[in-house]
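Nothing in this text is a laboratory measurement; each read-out follows from the coordinates by a stated rule. Owing to the predicted nature of the structure, the values given are computational and were not obtained by experimental measurement. Note that we place each Cβ from the backbone using ideal geometry, even for glycine, and neighbour counts take in every protein chain shown.
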Amino acid sequence: MKRSNIDLASSQARGMTQLEGTATPAVFTDAVRIELSECTLLYIGGKLGTLPDGRLAGPTFAVQTTRCLERIKAIVESEGGTMDDVVRVRVFVHRYDDPSIIRDIHEARARFWTRPDRYPASTLVVAPLVIEGALVEIDADAVIPRRSA
């Protein structure tokens, strides 16, 4: 077994404004890759619906969910996988007081997973999020099989 961290951030604060300008590092990585003989396990930390400059992609669940999944997809693909290799997601929402929230989230998800036999296991958690205005955060686990060249 070989373990490696996938770090996409350029600073030790990793985009957390609460840590910028301090000596305290953000003690997490974007993802952890575990190499096994038959597959790679990929554990992707929570992704908010933020753009590269740190701003939220938009004010709605639909827009932020799409951006979260785009960020997860980029990591999975950079490690040799596809979204069909994602086996589990955890969706954290800031609030859950309107049925349209679930519809918006699942409409966005349906653009990333189209085959019912490849849908990931999923958990929904209602919790405060670390950035003001953030509505959704998603983390993911993937199992990427060894593929023939």
**Q.** Near pairs, Cβ below 9 angstrom, 6+ apart or cross-chain, from the range 1-13 (surrounded by fewer than 13 Cβ atoms within 10 Å (Cβ to Cβ)) to any residue that is among the small types (Gly, Ala, Ser)
**A.** 1/37; 5/31; 7/31; 11/26
Q) Which ones in the range 57-111 are within 30 Å of residue 4 (Cβ to Cβ), in contact (Cβ under 8 Å) with a residue 40 or more places away in the chain and not in a helix (DSSP H, G or I)? A) 79, 80, 81, 86, 87, 88, 89, 90, 91, 92, 111
Q: Filter the range 1-50 for residues that are under 15 Å from residue 141 (Cβ atoms) and of a type in the set (Ser, Thr, Tyr) and give the result.
A: 29, 40, 43
Q.
Test of understanding: among 135, 124, which residue is in contact with a Pro (Cβ under 9 Å, 6 or more places away or on another chain) and either surrounded by 13 or more Cβ atoms within 10 Å (Cβ to Cβ) or basic (Lys, Arg) (or both)?
A. 135
